[in-house]
Amino acid sequence: MKETETGSSDLTPLLADADSLENQSPRGLASVSGAVFNICTTMVGAGIMSIPATVKVLGIIPGFAVMFMIAVLVDITVEFLLRYTQSGKSTTYAGLMAESFGSLGSLAVQICVMVTNLGCLIIYLIIIGDVLCGNESGGTLHLGVLQEWFGIQWWNSRAYVILFVVLFVMLPLVFLKHMMTDSLRHSSAISILLAVVFIAISSAMAIYAFWKGKTQNMRLLPDFVNQVSIFDLFTTVPVLVTGFGFHVNIHPIRSELRRPSDMSYAVRISLAISIAIYFSIGFFGYMLFGESIMSDILVNFDQNSDSAIGQLVNNTVRLSYAMHLALVFPVINFSLRTNIDELLFAKKPVLAKDKSRFTILTCVLLALTYTIAIVIPNIWYFFQFLGSTTVVCLSFIFPGAIVLRDVHGISRRKDKVMAILVIIMAILTSMIAIATNLWTVG
């Protein structure tokens, strides 16, 4: 998921000011197909790398069922937001919450978006580390690109490589004081293109492996006998929720449509496309790597290469996606830094004009992101954390609360019943997922 609005996806994905986006974008010029493209690029982000791991836990049939159920609930809560947007005067998610809950509602959205974007930055660094340095799970070591090329050396360990990337790639980019909004459009286009290419290559590799009789055994249902408990199934839900989260981008995308009423149609098409993308990568990734699949499927691409061409394809897939994340990183960081500054230093001069404050805030954010990415080098935990807290609030709890508050008096009884059910399911699922993770770690 990538966030693009303040209180942008990914997360997500990328916390730009919605009002400025709307003022800079031509109103009423986007078609339904353009809206579908923007929504899909918002949903399909780095989260795609953990989808095969959720299918491994759930099994193929429940995996598809859970994806479909979450998509249906997302469609319902998006409809809530669209109806209250049409009845009110707000043009942003934060403004919509302010209408119902005052400044605290707006602040809650802003904090959730900022935390989500910080989580996205950490996830991006972890994935870049996985690609370059590999990862280890259950005693199995997966080599990164640098280790395959030069062997295991002290200088290509995760801490040193990510530090090098942070200092010599990220730092010069995040010190840019201005970011053109076109960067967001270009990065989104690259994101969806890489996702399609990634799925195409993975599918081709899985089909080739099937033809050669080298595919892994796949389970249609969860393996309750040997591997998972009923509570483990709940830990996959936050990962999928994160993958379908795009609610903070509804307003800027809607504002560009020729007919804002077409937004509901565009959302349903986008959800159908995202389900197809997620299930495809989940199915073919699981077919290709089976029970050995990692939380970041890119890590597994070190083991499926019997030829030089195969190795080249594997490395191309991994490096291209890592490069994309490295380029998107400063865009998210730019918006996150701006919003944190506005929250903490509202009465201070513009951040770009205060060199010392700009430098300190930039370095603190980058150091914090690097430290957490090194200490907890597993994207699964971050997707679960975000999907159980900030993303679940933005996707389900806040829209449901708006309907129950009903400041415009437009909610029907069935709307309020559905809002209550959505909130209860979101809270219970998140609590079980968090408790299960804490129990496992403990």
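The values are calculated or read from the model by the stated rules, or taken from the named source; none is laboratory data. Keep in mind that this is a model prediction, so the values were computed, not measured. Positions of Cβ are generated from backbone atoms using ideal geometry, with glycine treated the same way; all protein chains shown enter the neighbour counts. SASA here: full protein model, heavy atoms, side chains in, ligands and nucleic acids out. Shrake-Rupley method; radii C 1.70, N 1.55, O 1.52, S 1.80 Å.
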Global form of the range 381-442, assessed from the alpha-carbon gyration tensor, a/c cut-off 1.5: prolate
Using θ = phi - 60° and Karplus 6.51 cos²θ - 1.76 cosθ + 1.60, couplings along the range 341-346 (whole Hz; Gly, Pro as x): 5, 5, 6, 8, 10, 4
Derived scalar couplings ³J(HN,Hα) [the range 116-133; Karplus, 6.51 cos²θ - 1.76 cosθ + 1.60; whole Hz; x for Gly, Pro]: 4, 5, 4, x, 5, 4, 5, 4, 4, 5, 5, 5, 4, x, 4, 5, 7, 10
Interchain or long-range residues, amide H under 5 Å from Gly134's placed H: Gly144, Val145
Karplus-derived 3J(HN,Hα), 6.51/-1.76/1.60, for each residue of the range 101-111, Hz, glycine and proline x: 10, x, 5, 5, x, 4, 5, 4, 5, 4, 5
Built amide H within the under 5 Å cut-off of Glu256, gap 5+: Gly28
Lysine pair number, Cα distance threshold 23 Å (strictly under), the chain, separation 8 or more or different chains: 9
Percent carbon-and-sulfur accessible area, the range 57-104, ignoring ligands, DNA and RNA, probe 1.4 Å: 71 percent
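Would you work out what percent of the accessible area of the range 341-442, with all protein chains in place, is carbon or sulfur (probe 1.4 Å)?
71 percent
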Spin-label pair Met218/Leu428, simplified geometry with 7 Å Cα→Cβ offset, distance in nm: 3.1 nm
Gap separating the Cα centres of the range 70-99 and the range 373-388, nearest whole Å: 28 Å
